[in-house]
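Following: one structure in C-alpha cells, then a few remarks.
The values are calculated or read from the model by the stated rules, or taken from the named source; none is laboratory data. This structure is a prediction, so every number in the text was calculated from the model and none was measured. Don't worry about glycine lacking a Cβ; one is built from the backbone with ideal geometry, like all the others, and counts go over all protein chains shown. These area figures cover heavy atoms from the full protein model, side chains too; ligands, DNA and RNA do not enter into them. Shrake-Rupley method; radii C 1.70, N 1.55, O 1.52, S 1.80 Å.
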Amino acid sequence: AQTVTQSQPEMSVQEAETVTLSCTYDTSESNYYLFWYKQPPSRQMILVIRQEAYKQQNATENRFSVNFQKAAKSFSLKISDSQLGDTAMYFCAFTLTSGTYKYIFGTGTRLKVLA
Amino acid sequence: EADIYQTPRYLVIGTGKKITLECSQTMGHDKMYWYQQDPGMELHLIHYSYGVNSTEKGDLSSESTVSRIRTEHFPLTLESARPSHTSQYLCASSVAGGIYEQYFGPGTRLTVT
C-alpha cells in the first residue's frame, strides 16, 4: 500500500523569505506522479506543482520548486520569495500511473506567511 | 479551462433528511472522486468512479451512495442525514494518461442540525 507523510502540521515564514515543506512517501512501484496542492482558507484546492517519477530533473513553477529524491522517497516543496497569498494548507499527493487511479494525500501542512 | 462545479456550496439541513450533493465537470474526464474533509484537515476518499456505470467505495467508510449515469455528472446522496455527516465534501476529476492531475470543485459545506 502507498502512504504519504507530511511531518510538519504547521509552519510560518516571513514575507519574502524562503520556506521548505517536507513530504515523504512509500511505494514499491516505479511509475507514479507526485503533486503539491494548495488550499487557501475557504477557497478551492489548486495544483501547485507536479513531478513525474521517471524524470530526474526537479520540477519548477515560478517561485515554487521541488526537491525530488526518488531513492529516499522524498518530495519537498520550496517556496521562494513567500507572499501573503501563499498562506494556505499544502497537501502532498501521490498517484500511480496505472491501476486504481486513486490519489493518496498527506495530512497537510498549514503555512502562514507573516507580514 | 478546467471546470468542475458543485452545488449547493452551503447546506444546512435537519437530521433524517435525504440530500443529494451535485458535482459536474465539463472536461470529459472519465475519473471522478468524492472526498470528505473537515475544515483544515486531511482529505478522506469516500467514493470514486472510473467511468459511466462504474463506482467504488473509497478508504473511508461512508453512509453515502453515488451514481455515474453520465460522464460529466457524479452526484452523492445521503439517504438520512445525521450530525456526524457535518463536513466539507470535495468533488474532483481526472483523466488517465497524460498529466494525471486532479481538478477540484469548490466544495459543499454541509451542516446537519
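A few notes on this one:
- For B:Met41 and B:Thr65, the FRET efficiency from 1/(1 + (r/R0)^6), where r spans their Cβ atoms and R0 equals 22 Å, is about 0.40.
- Residues whose placed amide H lies under 5 Å from that of A:Val48, excluding near-sequence neighbours: A:Trp36, A:Tyr37, A:Lys38
- Carbon/sulfur fraction of accessible area - the stretch A:3-114, other protein chains in place, 1.4 Å, %: 43
- Of the residues A:Thr3, A:Phe68, A:Ala115, the one whose Cα sits farthest toward the positive end of the charge dipole of chain A, with +1 on the Cβ of Lys and Arg and -1 on the Cβ of Asp and Glu, is A:Thr3.
- Two-site label geometry, A:Lys112 and A:Gln44: point separation in nm, points 7 Å out along Cα→Cβ: 2.8
- Per residue accessible area in Å² of the protein assembly as shown, where ligands, DNA and RNA are left out and the probe is 1.4 Å: 48
- Gyration tensor over alpha-carbon atoms, chain A, equivalent ellipsoid semi-axes in Å: 24, 15, 12
- Theoretical FRET efficiency, 1/(1+(r/R0)^6), r = Cβ-Cβ of B:Thr111 and B:Thr26, R0 25 Å, to 0.05: 0.30
- Each label was represented as a point 7 Å from its Cα along the Cα-to-Cβ direction; for A:Asn31 and A:Phe64 these points are 2.6 nm apart.
- Partner lysines for A:Lys78 [C-alpha distance under 26 Å; skip if fewer than 8 residues away on the same chain]: A:Lys38, A:Lys55, A:Lys70, A:Lys102, A:Lys112
- From the largest down, the protein assembly as shown spans 49, 40, 32 angstrom on the principal axes of its Cα atoms.
- In the A-B interface, the accessible area buried, summed over both sides, Å² (probe 1.4 Å): 2000
- Rounded to the nearest 20 debye, the dipole size of the protein assembly as shown about its Cα centre is 260 debye, using +1 on the Cβ of Lys and Arg and -1 on the Cβ of Asp and Glu.
- With pairing defined as another cysteine C-beta under 4.7 Å, none of the cysteines of the protein assembly as shown fails it.
- Under the Karplus curve 6.51 cos²θ - 1.76 cosθ + 1.60, θ = phi - 60°, whole-Hz ³J(HN,Hα) for the stretch B:3-19, x wherever Gly or Pro sits: 10, 9, 10, 10, 9, x, 7, 9, 8, 10, 9, x, 4, x, 6, 8, 9
- Share of alpha-carbon pairs per 5 Å distance bin for the stretch A:47-103, given as whole %: 4, 15, 26, 24, 16, 9, 4, 1
- P(r), alpha carbons of the stretch A:1-55 - 10 Å bins starting at zero, rounded %: 17, 45, 31, 8
- The overall shape of the stretch B:34-101 is oblate: from the C-alpha gyration tensor, with semi-axes ordered a ≥ b ≥ c, the ratio a/c is 1.5 or greater and a/b is no larger than b/c.
- Shape call, the stretch B:23-69: gyration tensor on alpha carbons, a/c limit 1.5: oblate
- If you take the Cα centroid of the stretch B:45-96 and the Cα centroid of the stretch A:6-25, the two points sit 32 Å apart.
- Zone of B:Thr77's modelled label, taken as backbone nitrogen in the stretch B:8-26 under 18 Å from a point 7 Å along Cα→Cβ: B:8, B:16-24
- Of all DSSP-defined beta bridges confined to the stretch A:2-110, some 95% are antiparallel rather than parallel.
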